[in-house]
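J.: Okay, here's the structure, questions in a sec.
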Amino acid sequence: MINEKIVSFIKEKDFYIVVTAISIIGFLLRFYGINWDNGLLFHPDERQLLMISSQMNLSNLDPGWYNYGTFPLYLLELFSLNSEWNIYELRFPGRILSSIFDSSTIIISGLIGRKLYSNITGILASFFYSICVLAIQTSHFFVVDTFLTFFTTLIIFYCIKLNEKLTINRIVMVGILFGISLTIKISSALILGIILIAIIFNINSSKGRLNDLLKYYILVLFSSFLTFFILNPFSLINFSDFLLASKTQSDMARGLIDFPYTRQYINTTPYIYHLVQLVKTSLGPIAGLIGIFSILFAFKKLEINNHRNLLILFLWFLLYFGFFGAIHTKFLRYMLPIIPIISIFSSYMISYLLSKSRKYKRVYIAMVIILLSGSLHYTFSFIQIYSGDHESISAGKFIDKEFEEGSVLLKEHWDEALKTNKIYTTKELNLYDNDSTSKARNLANLLSSSDGIYLTTKRLVSTIPRLEERYPLTTNYYRKLFSEDLGYKLIRSNIISPSSLGFTYNSNPFSRIKNIDFSPYEKNEFGINLGWIDESFSAYDHPETFIFKNTKKLSSDEIFNIIVEINHNENYLNSLNFKKVNANYGDSYFGFFNSRGSILSVISWYIILQIISIISIPLLWLIFKYSKFPFIGSVKIISLIL
């Protein structure tokens, strides 16, 4: 029968050829439109890394900046043959490297899928990751996330190989890979727990079990430290600077530092936000839903005895998502290291159900083909954004047509300037500053003396109005701007949505905002409205832009009176409740365990640590029932360590 022939065809084809072919296609998807920004470098991390790389050479390898590790920088230095390229020229080898490593992750995902269940599982795992939009988009930047994802996935692959045979060579390899991952991003330290579990799984039943565990673990730590020192020496030489940079990044991620670009995540729900964006953006509606269901499916299959490989994968997903899904800052790229795992889960679920289907196998295969085709549609719709000029260039050309040279234009701070051919006088609107009457007066003065305003992205307009108690005046400014009450007319707006074959994946940058009435976002194209999508997904390669022209030439006093007259929310009429503002958005919350000489903090820390260790016991039972390691007598110690 035809369905059996399809399955037979997949099984009989050489696995490595198929997966390699998928990886090559994945590379082409990642390479397509590599010059998408015409050298304008809109991604801040990429711009920073390339700037540091342009200043480095083989005689000076100290980056002097330690937010990330040096491995990608050193690799770029070798890949560019130590050429004296400037920051703009370096984007090409940097992005090619990013694409190569992410395409290699496609192969590793396939190998893991094959070991997990079957050849079909491996092929589908490679397919799902090859068409992952988040991975394709991230590969278009020279950023650390594609490198980190490759090495963490490779570590998981070797942890699974430890299940086959525990050898010194494999232990050393795991240690080296772990050391490299640390030289990319220090947050990869999380995977050390998975390495420990993989070793425990495979300790034999001899008398020296605990000694073997310590020996292997010390070997991992030693080889990883040695690798870290070789590839990232200046982090240890300038350890105080490295520690300060790591702490700053940690505080930023946890919301302890109030950076403007992380305010979009205030009042977002831990875990749920990432799962929703997984469906809307990272994987797309179809692959995203398959991925979420496959996570539940994988959890269900943990009941099968001696399924250590699946348990390794699930524990890595659980550990990583459990940590990064909970923190305040929720950049989508933070989830990239577990996207290969979700792809493997999706392929496992589909191939398992395919192997178990009997009566309706033909129908099931047809459904799978339809779902895979739908997933492909979202991917090919997305890559269309790289086929034309970047939106900032198009918007800049429009400005050149609408405004005379020498005109005064306003842009928002913490955002990029548009590329124009004419020369304009550009002034900044410091809208992230705390609201005050002096801020409103300065804003009114700028508006009254300028010819136009442009918003390069939705960064500020989609964030500030959500924080109404913090920004009542600025929220009202945006409301009056879009209603054209400030004398400025909206002459151009463009919200780029992935589209292909007449079907569009629309988004709405105003769906989280109550007080701005902007209807032109509605699209007439056939498709779906995804609502709010994460700012970091759209702001770099397909930003939403808005251009206003001063047509009424209102005076400064008229504009000021309009801004301070807040009539859209009764809570802010005639007064600003600064006490409430400080309570909600003032001093950072340092947590219940903030130690400032408090005995209560120490006692509370001890009690909650004990509770966590007790809660961990059922999970440890699930983990170690697959192992020969005698954990019963050490369960409390192990639970505290984990």
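J.: Using unit Cβ charges (K, R positive; D, E negative) and no other charged atoms, how large, in debye to the nearest 20, is the dipole of the stretch 111-201 about its Cα centre?
T.: 220 debye
J.: A follow-up question, please. Report relative contact order for the stretch 414-482 in percent, whole number only (criteria: Cα-Cα under 8 Å, sequence separation at least 6).
T.: 39 percent.
J.: Next question, about the same structure. Can you work out ³J(HN,Hα) from phi for every residue in the stretch 16-28, in order, using Karplus 6.51 cos²θ - 1.76 cosθ + 1.60 and θ = phi - 60°, giving whole Hz and x for Gly and Pro?
T.: 5, 5, 5, 5, 5, 4, 5, 5, 5, 4, x, 5, 5
J.: So what's the net charge close to F323: Lys and Arg +1, Asp and Glu -1, counting the other residues with Cβ under 13 Å from its Cβ?
T.: So the environment of F323 carries a net charge of +2.
J.: Here is a follow-up. Quick check on the stretch 335-441: take the gyration tensor over C-alpha atoms, sort the square-rooted eigenvalues as a ≥ b ≥ c, and tell me if it's rounded (a/c under 1.5), prolate or oblate.
T.: prolate
J.: So, one more: Would you please give the residues with an amide H less than 5 Å from that of T426, counting only those at least 5 places away or on a separate chain, with H modeled from the backbone geometry?
T.: Those lying under 5 Å, H to H, from T426 are L409.
J.: Then there's this: Relative contact order for the stretch 239-373: what percent, with Cα pairs under 8 Å and sequence separation of 6 or more?
T.: 30 percent
J.: For a label point 7 Å from the Cα of K552 along Cα→C-beta, name the residues of the stretch 454-489 whose backbone N is under 12 Å from it.
T.: 480-489
J.: Taking Cα centroids, how far is the stretch 79-107 from the stretch 477-501 in Å?
T.: Distance between centres, Cα-based: 37 Å.
J.: What nm value, rounded to one decimal, do you get for the distance between F239 and L78 when each label is placed 7 Å out toward the C-beta?
T.: 2.7 nm
J.: Turning to a different aspect of this structure: Residue by residue through the stretch 179-185, which ³J(HN,Hα) values in whole Hz follow from phi under the Karplus form 6.51 cos²θ - 1.76 cosθ + 1.60 (θ = phi - 60°), with glycine and proline marked x?
T.: Each residue's phi maps through the Karplus curve to give x, 5, 4, 5, 6, 9, 7 Hz.
J.: Sum up the charges of everything whose Cβ sits under 12 Å from the Cβ of F151, counting Lys and Arg as +1 and Asp and Glu as -1, but leave F151 out.
T.: Neighbourhood net charge equals -1.
J.: Sticking with this structure for a sec: If I stretch the segment between L61 and F299 completely, what's the gain in nm (0.36 nm per residue apart, minus their alpha carbon distance), one decimal?
T.: In short, 81.1 nm is gained.
J.: Starting from the Cα of N445, step 7 Å along the direction of its Cβ; do the same at L213; then give the gap between the two resulting points in nm.
T.: 6.8 nm
J.: Could you please report the charge total around I423, scoring K, R as +1 and D, E as -1 over all other residues with beta-carbon less than 12 angstrom from its beta-carbon?
T.: Charge balance in the 12 Å sphere: -2.
J.: Which of the three applies to the stretch 442-497, rounded, prolate or oblate, going by the alpha-carbon gyration tensor with a ≥ b ≥ c and a/c under 1.5 meaning rounded?
T.: Cα axes put the stretch 442-497 in the oblate bin.
J.: Now for a separate question. Out of residues 5 or more away from K458 or on other chains, whose amide H comes under 5 Å of its own, with H placed 1.01 Å from N in the peptide plane?
T.: E544
J.: How would you rank 396-405, 61-70, 451-460, highest first, on the average number of other Cβ atoms within 10 Å across their residues?
T.: 451-460, 61-70, 396-405
J.: Report F15's accessible area, 1.4 Å probe, all protein chains in place, as a number in Å² to the nearest 10.
T.: 10 Å²
J.: Take the alpha carbon gyration tensor of the stretch 123-240, find the square roots of its eigenvalues, order them as a ≥ b ≥ c, and report rounded if a/c is under 1.5; if not, report prolate when a/b exceeds b/c, else oblate.
T.: oblate
J.: Points 7 angstrom from Cα along the Cβ direction at L318 and I423: gap in nanometres?
T.: Here the modelled spin labels are 6.4 nm apart.
J.: Sticking with this one: Would you pull out the residues with amide H under 5 Å of D541's amide H, same chain only if 5 or more places away, H placed 1.01 Å from N?
T.: Those qualifying (amide H under 5 Å, at least 5 residues apart or on another chain) number zero.
J.: Which GluC sites (Glu not before Pro) does the stretch 449-487 hold that lie in a coil by DSSP with at most 13 other beta carbons within 10 Å?
T.: Those that pass, being in a loop and sparsely packed, are E484.
The values are calculated or read from the model by the stated rules, or taken from the named source; none is laboratory data. This one's a predicted model, so the numbers in the text were calculated from it and none came from an experiment. With ideal geometry, Cβ positions are generated from the backbone for all residues, glycine too; neighbour counts draw on all protein chains shown. What goes into the accessible areas is simple: the full protein's heavy atoms, side chains included, and nothing from ligands, DNA or RNA. Shrake-Rupley method; radii C 1.70, N 1.55, O 1.52, S 1.80 Å.
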